[in-house]
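Let me begin by presenting the structure, written as structure tokens, before commenting on it.
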Amino acid sequence: EQLVNQRTELINALRAHLYEFGHVAPQGIGHLGRLAEVVKDENTELPDLVRRICGDLLDQIDRLTGRIDALKKTIDALSRKGETSQRLQTMPGVGPIAALAVETFAPPMETFKCGRDFAAWLGLVPLQKSTGGKQRLGKTSKMGQRDIRRLLIVGAMAVVQWASRKGAPEGSWLARMVAKKPRMLVAIALANKMARGIWAMLTKQEDYRNPAMVRA
């Protein structure tokens, strides 16, 4: 994550330099090539100093991308070796990094009496508050294993974004939530369901097969 953040900062710096001279490209690593073409094209009107600075930024971005790609390959290889990490990746929203984090940092699932206890340990059980006699869910707790919590929320957000674009099954829990609630709130609620599902999967030694997060 640190390497990705560093690369993002470099890309933003590159975009800022070129923007000053009227060269704009959509955000995202996928559009970096367009900016690189501007820098490398000698016919582009750029001051020599700016061209050198942007060229140096591109070199740094390339080096970081190489390190990120190598690290991803290592993580993918490790995640394919362990039975637990393979099982966890059968759940939508759980990728190699999240699977390895659960396998590495979470205690044995037998430690928890139920999935809710595991979700609470992760800090994914929303704090409850009462307004006019009505219970409302507030922010999640800051307690718990924040690495796993963050990765599950990131994975849940990816599922929520997919559901927003493609559409979740009609009448499902996810469809109702996406229609009524802010995406981040839906992602946190979904991450809570994912944590409970992970507990059930590892306790029963079963792959993900019941998409309760989108049905119930």
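The values are calculated or read from the model by the stated rules, or taken from the named source; none is laboratory data. Since we're looking at a predicted model, the values are computed, not measured. As a convention, Cβ positions derive from the backbone with ideal geometry for all residues, glycine included, and neighbour counts pool all protein chains shown.
Structure values in brief
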quantity: Subset of the stretch 1-24 [in contact (Cβ under 8 Å) with a residue 40 or more places away in the chain and among the polar types (S, T, N, Q)]; calculated: Gln6
quantity: Flag if Ala156 is assigned by TED's automatic domain parsing to the domain that holds Pro92 and either crowded, with 18+ Cβ neighbours inside 10 Å or assigned to a loop (DSSP other than H, G, I, E, B) (or both); calculated: yes
quantity: Any hit, the stretch 168-177, residues being in a loop (DSSP other than H, G, I, E, B) and at pLDDT 90 or above; calculated: no
quantity: Enumeration of residues in the stretch 154-178 that are polar (S, T, N, Q) and under 24 Å from Pro96 (Cα atoms); calculated: Gln161, Ser164
quantity: Count of the stretch 34-54 residues which are in a helix (DSSP H, G or I) and surrounded by 10 or more Cβ atoms within 10 Å (Cβ to Cβ); calculated: 12
quantity: Filter result (at pLDDT 90 or above, of a type in the set (A, V, I, L, M) and surrounded by 15 or more Cβ atoms within 10 Å (Cβ to Cβ)) within the stretch 69-105; calculated: Leu88, Met91, Val94, Ile97, Ala98, Ala99, Leu100, Ala101, Val102
quantity: Residue count for the stretch 173-191, restricted to those that are of a type outside the set (A, V, I, L, M) and closer than 21 Å to Gly115 by Cα; calculated: 1
quantity: Search result, residues across the stretch 18-31 that are assigned to a helix (DSSP H, G or I) and touching a Leu at 6+ places or on another chain (Cβ under 8 Å); calculated: Leu18
quantity: From Ala119, Ala191, residue being modelled with pLDDT of 90 or more, under 17 Å from the mean Cα position of the chain (by Cα) and either small (Gly, Ala, Ser) or surrounded by fewer than 21 Cβ atoms within 10 Å (Cβ to Cβ) (or both); calculated: Ala191
quantity: From Thr84, Thr65, Thr74, residue being in contact (Cβ under 8 Å) with a residue 60 or more places away in the chain and polar (S, T, N, Q); calculated: Thr84
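The rows are residues; the columns are (1) under 12 Å from the mean Cα position of the chain (by Cα); (2) closer than 13 Å to Val102 by Cα; (3) surrounded by 15 or more Cβ atoms within 10 Å (Cβ to Cβ).
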| residue | (1), (2), (3) |
| --- | --- |
| Leu152 | yes, yes, yes |
| Lys180 | no, no, no |
| Leu185 | no, no, yes |
| Trp199 | no, yes, yes |
| Thr203 | no, no, yes |
